[in-house]
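Asker: Take this structure, written in structure tokens, and hold onto it; I'll ask about it next.
The values are calculated or read from the model by the stated rules, or taken from the named source; none is laboratory data. Nothing here was measured: the structure is a model prediction, and the numbers come from that model. When we count neighbours, we look across all protein chains shown, and the Cβ atoms used for this are built from the backbone with ideal geometry, even at glycine. Quick note on the areas: whole protein, heavy atoms, side chains included, nothing else; ligands and nucleic acids left out. Shrake-Rupley method; radii C 1.70, N 1.55, O 1.52, S 1.80 Å.
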Amino acid sequence: MNKYIGILSLLLGWLTTVFAQLIPTPDQFLGYPLGSKFTRHHALVGYCKTIAAKSPTTVKLEPYGVTNEGRELLLAFVSSPENIGRLEEIRRNNLRLAGAMKDSSPPPISQMPAIVWLSYNVHGNEPASSEAALQTLYTLANAATDSLKKWLSNTVVVIDPCLNPDGRDRYVNWYNSVVGVHYDPNPLSREHQEPWPQGRSNHYNFDLNRDWAWQTQAETKARMAVYNQWMPQIHVDYHEQGYNEPYYFAPAAEPFHEVITPFQRSFQNLIGKNHARYFDANGWLYFTKERFDLFYPSYGDTYPIYTGAVGMTYEQGGIKGGLGIKTDEGDTLTLADRIQHHFTTGLSTIETVSNHLQELMSAYKQFFEDSRAAKKLSFKTYILTSDQPDKLKAVEKLLAANGITYGSLSNNSNYKGYNYFSQKEETVTLKKYHTAVSMLQTRSVLATVLLEPKGNLSDSNTYDITAWSLPYAYGVEAYALKDVMPVHVIEKQEPTTIITSLIPQSNYGYLIKYNCFTSAKVLAHLLNKSVKLRVASKPFSYANETYERGTLIVLNKGNQVNLTRILAEAVAESHITINAVASGLMDKGVDLGSPENHLINAPSVALITGDQTSSLNVGEIWNFFEQQLHYPITMLNADALLKQNLKSFTTIIVPDGSYKIWNDKAIADKIKEYVQNGGKIIAIENALQFLATTDWGIKNKENKKAEKDAVDSQENNPNNIKRFADRERSELASMVPGAIYKLDLDNTHPLGFGYASTYYSLRQDDNIYQYLKEGWNVGTIKKDGYTVGFSGSKVKSKVIDGLVMGVQEMGNGSIVYLNDNPLFRLFWENGKLLFSNAVFLVGQ
């Protein structure tokens, strides 16, 4: 019997060896050595599918979506045969451990593997990581060493080989089209000079690494749906930085958000030390604890941290590197080098997790036990309230997408809380509708980060915006309460149920209130359907209802016979109500036939694009029109404006950018003529700076007193002499990386229709303009404008008593000035109505 057992063991060993040989290396599958060429996305997917087919007991694929351009998004799960065989059980037990599933108790953590999630190539022109993903997948699937087998026995590794296939292929296809037979390492070579809009962003020029929480993009929505069904213990976000930079890995830099636990910090240190061991052995340079902080909630490291994982960013030098580039040190950095570095940190991460499994799982369990008790959280309940249900619906949609539970207050007792708008402790005053969020829940940490009035910055030298609180971004009043309030939680977390009422019949016409972005979408739909409608520029009342400026007036006369069907389509899936009127005679205010109620002509809109423009801002506008407003827009290349016929457009949007065209007299004169003949320009952010330096009418506001005070302080106090070592810190006084300011808003102007008298804006520069002498100062900052977020001392003294948003008439046309971007990353929900007003209502 022993003889047969021995033979069987030899046979099994031989079969295992043969089986391993059946798994092709990346080189064998691709037909070229990994790192000698860039791999297009279809080949990445093809290799993953081949590995899964060759090794079904250790690798399982899960497609989770497609990109805007139709490319496949997928995950590869790699683990031991035992773990792969019970993958769904592992997933469900992990959710039970986090408290996200309550059907039964999880098994002891000693019996549970850790989930290690590796995300590659979120920025398309940082391509080395997807190549490294193939090497990592092969190595794990092959598991040729006892160490690898051990690691996979107590971990499930999730590989997302490419988060941004559209951006990656844009870069790879371009690079492959310009590289020669041999790559040229000279940084000046064209293969290192990527053209606009570059491959960093997705199809809509969106930075997907800023979209984790906001989920505005197709790739993010698909990924987050599956990510939140797993909730891993570890998440790594792979990047590249400038090609002269050494490798960066955790631990991260300050500021850390205060909700980040001591364990999450210490485990980053543990992983970093293991990486350093390998990098030191190979003589590779690296750095830690600098530059990349953990504050903004929508990154691939912070979002996982706020949902219980240890999240980390790894950055390899390589942007613009192509297949090889000569660095400032005179060395040639190759794609193969970059792949090896990312491959090494991937395996090192898995090794560290495997060797410290119980410590990690215990801390993960504790994180969610503390979350459900709202431990160490300053505020225990948040209340958002508005008279516009669609505003709260938008907030609820975001909360639901992030797994945050919400509901309504169980009673109407007198509560006291911090009022976001007055910034004082006050008795809670509820509007017609409200949404309550208790922190006694699994996702209380993430909910706190998104909802808290202000985050405490341990260091103002941060990598991104410092303020994003949802009540300001969504334009709803809110209170933060330190006490636990009874909240009736909606079991199935979906936005407030919508019951679309039938459109009442009228022989005369209809009125549609205009007070949120949904109203603007209704307007866009009606214009797309060639419905004739007017906008009220003065308030009036009818049948005991008050109608404010901006009310849409739709009369039967001159419209299609199927008007009610079109109206019903326009308000479907919204809380917008359409009221019938039997007469044009109003009870109070102007009548419907008043000359003050202007006919809205459907605008023909163009957007300037190209290498003089910010691809990110262009993408925000493009996506906004196509995916949210559902209104046509034409893209014009800035370099070709002189040759193009602008007369066919009523509105031209000039996005943020660095423009040469304003300095070209022929183009500037052409655009001025376009405006004077009745056209409209909408200028955003830095586009205003170029207009302010010419004779368009808008001028920068100089703060001479602040500048003089700064000079006097420097000259009269020798202790204030700047030290070279403090150069970065001294610059912070002039920076505003993203802070919220309160604007006084003229809501009697069409640009302000649908708003109250204040608007909270996200500021990212210190630009402020003189009040328009011949125009309308619609959005202005007064002395008390600063609200929350980091704003340097010089910025605070400069950004007062000036113009941020305005409208200037020029001949028969107009210019809309928007110094702050109302569509920022498309999560600034309350700015979307304002931008729609600029497009549809201004100049009518």
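Asker: Quick check on E351: is it at pLDDT 95 or above, within 20 Å of T155 (Cα to Cα) and among the charged types (D, E, K, R)?
Answerer: Values: at pLDDT 95 or above: yes; within 20 Å of T155 (Cα to Cα): yes; among the charged types (D, E, K, R): yes.
When the stated conditions are applied, E351 passes them.
Asker: For segment 224-233, indicate whether the set of residues that are free of Cβ contacts under 8 Å to residues at least 24 places away in the same chain, buried (at least 22 other Cβ atoms within 10 Å of the Cβ) and either part of a helix (DSSP H, G or I) or not β-branched (V, I, T) (or both) is non-empty.
Answerer: First, pick out the residues of segment 224-233 that are free of Cβ contacts under 8 Å to residues at least 24 places away in the same chain: none.
So far as segment 224-233 goes, no, none of its residues is free of Cβ contacts under 8 Å to residues at least 24 places away in the same chain, buried (at least 22 other Cβ atoms within 10 Å of the Cβ) and either part of a helix (DSSP H, G or I) or not β-branched (V, I, T) (or both).
Asker: With the requirement that a residue be more than 12 Å from the chain's Cα centre (by Cα), outside any loop (DSSP other than H, G, I, E, B) and not basic (K, R), what does segment 184-223 give you?
Answerer: Scanning segment 184-223 gives E191, H192, A222.
Asker: Now for a separate question. Consider segment 647-678. How many of its residues are part of a helix (DSSP H, G or I), open to solvent by less than 60 Å² (accessible area, probe 1.4 Å), charged (D, E, K, R) and closer than 21 Å to A838 by Cβ? Write out each step before concluding.
Answerer: Let us first name the residues in segment 647-678 that are part of a helix (DSSP H, G or I), namely 647-648, 661-663, 665-676.
Still in the running and open to solvent by less than 60 Å² (accessible area, probe 1.4 Å): 661-662, 666-668, 670-672, 674-675.
Next, only the ones that are charged (D, E, K, R) stay: 670, 672.
From the residues that got through so far, the ones that are closer than 21 Å to A838 by Cβ too are 672.
Selection size over segment 647-678: 1.
Asker: If you don't mind, another one. Give the residues of segment 814-838 that are more than 18 Å from R210 (Cβ to Cβ), touching a strand residue (DSSP E or B) at 6+ places or on another chain (Cβ under 6 Å) and part of a helix (DSSP H, G or I), sorted by residue number.
Answerer: Kept after step one, since they are more than 18 Å from R210 (Cβ to Cβ), are these residues of segment 814-838: 814-819, 830, 833-838.
With touching a strand residue (DSSP E or B) at 6+ places or on another chain (Cβ under 6 Å) added as a condition, the list becomes 814-819, 838.
Residue satisfying the conditions is A838 alone.
Asker: Which members of segment 410-428 meet the condition of being over 30 Å from the mean Cα position of the chain (by Cα) and either open to solvent by less than 10 Å² (accessible area, probe 1.4 Å) or in contact (Cβ under 8 Å) with a residue 24 or more places away in the chain (or both)?
Answerer: S410, N411, Y415, K416, E426, V428
The rows are residues; the columns are (1) closer than 30 Å to G35 by Cβ; (2) surrounded by fewer than 20 Cβ atoms within 10 Å (Cβ to Cβ).
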| residue | (1), (2) |
| --- | --- |
| K326 | yes, yes |
| R338 | yes, no |
| S348 | yes, no |
| T352 | yes, no |
| Q366 | no, yes |
| S371 | no, no |
| S378 | no, yes |
| D387 | no, yes |
| A394 | no, no |
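Asker: Continuing with this model, one more query. Among the residues of segment 458-487, count how many are of a type in the set (A, V, I, L, M), closer than 29 Å to S734 by Cβ and out of contact with any Asp or Glu (no Cβ under 9 Å at 6 or more places or on another chain). Steps first, answer last, please.
Answerer: Residues of segment 458-487 that are of a type in the set (A, V, I, L, M), as a first pass: 465, 467, 470, 473, 476, 478, 480-481, 484-485, 487.
Narrowing the set further to residues that are closer than 29 Å to S734 by Cβ leaves 465, 467, 470, 473.
If we keep only those that are out of contact with any Asp or Glu (no Cβ under 9 Å at 6 or more places or on another chain) as well, we get 465, 467.
Of the residues in that region, 2 qualify.
Asker: OK, next. Select, from G322, G318, the only residue that is modelled with pLDDT of 95 or more, buried (at least 21 other Cβ atoms within 10 Å of the Cβ), touching a Lys or Arg at 6+ places or on another chain (Cβ under 7 Å) and farther than 25 Å from F256 by Cβ. Working first, answer last.
Answerer: Numbers: G322 fails: touching a Lys or Arg at 6+ places or on another chain (Cβ under 7 Å).
G318 is the lone residue from the list that is modelled with pLDDT of 95 or more, buried (at least 21 other Cβ atoms within 10 Å of the Cβ), touching a Lys or Arg at 6+ places or on another chain (Cβ under 7 Å) and farther than 25 Å from F256 by Cβ.
Asker: Write out, first by first residue and then by second, each pair whose Cβ atoms fall under 8 Å of each other, whose residues are 6+ apart or on separate chains, and whose first residue, in segment 584-597, is closer than 22 Å to G843 by Cα while the second is surrounded by 13 or more Cβ atoms within 10 Å (Cβ to Cβ) and polar (S, T, N, Q).
Answerer: If the second residue must be surrounded by 13 or more Cβ atoms within 10 Å (Cβ to Cβ) and polar (S, T, N, Q), the pairs left are V590/N597; E596/S537; N597/S537.
Asker: Restricting attention to segment 784-813, which residues are assigned to a strand (DSSP E or B), crowded, with 24+ Cβ neighbours inside 10 Å and of a type outside the set (A, V, I, L, M, F, W, C)?
Answerer: Answer for segment 784-813, where residues must be assigned to a strand (DSSP E or B), crowded, with 24+ Cβ neighbours inside 10 Å and of a type outside the set (A, V, I, L, M, F, W, C): just G806.
Asker: Do we have D280 as surrounded by fewer than 20 Cβ atoms within 10 Å (Cβ to Cβ) and not small (G, A, S) here?
Answerer: On the way: surrounded by fewer than 20 Cβ atoms within 10 Å (Cβ to Cβ): yes; not small (G, A, S): yes.
It is true that D280 is surrounded by fewer than 20 Cβ atoms within 10 Å (Cβ to Cβ) and not small (G, A, S).
Asker: So which residues in segment 501-516 are open to solvent by 20 Å² or more (accessible area, probe 1.4 Å), of a type outside the set (K, R) and in contact with a Ser or Thr (Cβ under 8 Å, 6 or more places away or on another chain), if there are any at all?
Answerer: As a first pass, look at segment 501-516 and keep what is open to solvent by 20 Å² or more (accessible area, probe 1.4 Å): 501-505, 507-508, 513, 515.
Checking the rest, the ones that are also of a type outside the set (K, R) come to 501-505, 507-508, 515.
Of everything in segment 501-516, those that are open to solvent by 20 Å² or more (accessible area, probe 1.4 Å), of a type outside the set (K, R) and in contact with a Ser or Thr (Cβ under 8 Å, 6 or more places away or on another chain) turn out to be S501, I503, Q505, Y508.
Asker: Is one or more of the residues making up segment 767-778 in a loop (DSSP other than H, G, I, E, B), out of contact with any strand residue (DSSP E or B) (no Cβ under 9 Å at 6 or more places or on another chain) and free of Cβ contacts under 8 Å to residues at least 12 places away in the same chain? Walk me through it before giving the result.
Answerer: Going through segment 767-778, the residues in a loop (DSSP other than H, G, I, E, B) turn out to be 767-768, 770-775.
Next, from what is left, pick out any that are out of contact with any strand residue (DSSP E or B) (no Cβ under 9 Å at 6 or more places or on another chain): 773.
Filter once more, keeping what is free of Cβ contacts under 8 Å to residues at least 12 places away in the same chain: 773.
Scanning segment 767-778, I find at least one residue that is in a loop (DSSP other than H, G, I, E, B), out of contact with any strand residue (DSSP E or B) (no Cβ under 9 Å at 6 or more places or on another chain) and free of Cβ contacts under 8 Å to residues at least 12 places away in the same chain, so the answer is yes.
Asker: For segment 460-482, which residues satisfy the criterion of being surrounded by fewer than 19 Cβ atoms within 10 Å (Cβ to Cβ) and either at pLDDT below 95 or not in a loop (DSSP other than H, G, I, E, B) (or both)? Quick ask: steps written out before the conclusion?
Answerer: Looking only at segment 460-482, we keep the residues that are surrounded by fewer than 19 Cβ atoms within 10 Å (Cβ to Cβ), and these are 460-461, 463-464, 482.
S460, N461, Y463, D464 - these are the residues of segment 460-482 that are surrounded by fewer than 19 Cβ atoms within 10 Å (Cβ to Cβ) and either at pLDDT below 95 or not in a loop (DSSP other than H, G, I, E, B) (or both).
Asker: Does A666 satisfy the condition of being aliphatic (A, V, I, L, M) and closer than 21 Å to Q198 by Cα? Give the derivation first.
Answerer: Working: aliphatic (A, V, I, L, M): yes; closer than 21 Å to Q198 by Cα: no.
For A666, the condition - aliphatic (A, V, I, L, M) and closer than 21 Å to Q198 by Cα - is not met.
Asker: Considering only residues that are surrounded by 15 or more Cβ atoms within 10 Å (Cβ to Cβ), modelled with pLDDT of 95 or more and either touching a helix residue (DSSP H, G or I) at 6+ places or on another chain (Cβ under 7 Å) or among the small types (G, A, S) (or both), which ones fall in segment 629-645?
Answerer: L629, Y631, I633
Asker: Residues Y306, Y278: which one is in contact (Cβ under 8 Å) with a residue 60 or more places away in the chain and under 19 Å from G346 (Cβ atoms)?
Answerer: Y278 is the lone residue from the list that is in contact (Cβ under 8 Å) with a residue 60 or more places away in the chain and under 19 Å from G346 (Cβ atoms).
Asker: Oh, and also: Cβ-Cβ below 7 Å, separation at least six or inter-chain, first residue in segment 71-96 and over 24 Å from N142 (Cα atoms), second surrounded by fewer than 19 Cβ atoms within 10 Å (Cβ to Cβ) and at pLDDT below 95: which pairs?
Answerer: Note: pairs meeting the criteria are R92/M101; N93/P106; N93/P107; L95/M101; R96/S104; R96/S105; R96/P106.
Asker: Could you please find all residues in segment 52-69 being of a type in the set (K, R) and not in a strand (DSSP E or B)? Give the steps one after another, and end with the answer.
Answerer: Just the residues of segment 52-69 that are of a type in the set (K, R), to begin with: 54, 60.
K54 - this is the single residue of segment 52-69 that is of a type in the set (K, R) and not in a strand (DSSP E or B).
Asker: Within segment 172-183, which residues are open to solvent by 60 Å² or more (accessible area, probe 1.4 Å) and over 32 Å from the mean Cα position of the chain (by Cα)? Break it down stepwise before answering.
Answerer: The initial filter retains those residues of segment 172-183 that are open to solvent by 60 Å² or more (accessible area, probe 1.4 Å), namely 173, 176-177, 181-183.
V181, H182, Y183 - these are the residues of segment 172-183 that are open to solvent by 60 Å² or more (accessible area, probe 1.4 Å) and over 32 Å from the mean Cα position of the chain (by Cα).
Asker: Only residues that are hydrophobic (A, V, I, L, M, F, W, C), touching a Ser or Thr at 6+ places or on another chain (Cβ under 8 Å) and surrounded by fewer than 22 Cβ atoms within 10 Å (Cβ to Cβ): list them for segment 242-256, please. Walk me through it before giving the result.
Answerer: Looking only at segment 242-256, we keep the residues that are hydrophobic (A, V, I, L, M, F, W, C), and these are 249-250, 252-253, 256.
Add one more test, that the residue is touching a Ser or Thr at 6+ places or on another chain (Cβ under 8 Å), and what stays is 249-250, 252, 256.
Hit for segment 242-256 is F256, nothing else.
Asker: Next question. Exactly one condition in (1) in contact with a strand residue (DSSP E or B) (Cβ under 7 Å, 6 or more places away or on another chain); (2) open to solvent by less than 10 Å² (accessible area, probe 1.4 Å); (3) not acidic (D, E) is not met by N402; state its number.
Answerer: Among (1) in contact with a strand residue (DSSP E or B) (Cβ under 7 Å, 6 or more places away or on another chain); (2) open to solvent by less than 10 Å² (accessible area, probe 1.4 Å); (3) not acidic (D, E), the lone unmet condition for N402 is (1).
Asker: Give, as residue ranges, the strands (runs of 3 or more DSSP E) completely inside segment 505-549 that count at least 2 residues that are within 18 Å of F840 (Cβ to Cβ).
Answerer: Numbers: elements: 509-512, 534-536, 540-542, 545-547.
Filter on segment 505-549 gives 509-512, 534-536.
Asker: Scan segment 549-568 for residues that are surrounded by fewer than 16 Cβ atoms within 10 Å (Cβ to Cβ) and either among the small types (G, A, S) or within 40 Å of the chain's Cα centre (by Cα) (or both) and jot them down.
Answerer: Those that are surrounded by fewer than 16 Cβ atoms within 10 Å (Cβ to Cβ) and either among the small types (G, A, S) or within 40 Å of the chain's Cα centre (by Cα) (or both): G558, N562, R565, A568.
Asker: Something else: Consider segment 239-280. How many of its residues are part of a helix (DSSP H, G or I) and closer than 22 Å to L335 by Cβ? Reasoning before the result, please.
Answerer: Residues of segment 239-280 that are part of a helix (DSSP H, G or I), as a first pass: 262-280.
From what is left, the residues that are closer than 22 Å to L335 by Cβ are 275, 278-279.
The qualifying residues number 3.
Asker: Among the residues of segment 257-265, are any modelled with pLDDT of 95 or more, at positive phi and either open to solvent by 10 Å² or more (accessible area, probe 1.4 Å) or not polar (S, T, N, Q) (or both)?
Answerer: No: segment 257-265 contains no residue that is modelled with pLDDT of 95 or more, at positive phi and either open to solvent by 10 Å² or more (accessible area, probe 1.4 Å) or not polar (S, T, N, Q) (or both).
Asker: Looking at G843, G831, G754, which is the one that is of a type in the set (G, A, S) and more than 27 Å from the chain's Cα centre (by Cα)? So that I can check it myself, show each step before the final result.
Answerer: On the way: G831 fails: more than 27 Å from the chain's Cα centre (by Cα); G754 fails: more than 27 Å from the chain's Cα centre (by Cα).
From the options G843, G831, G754, the qualifying one is G843.
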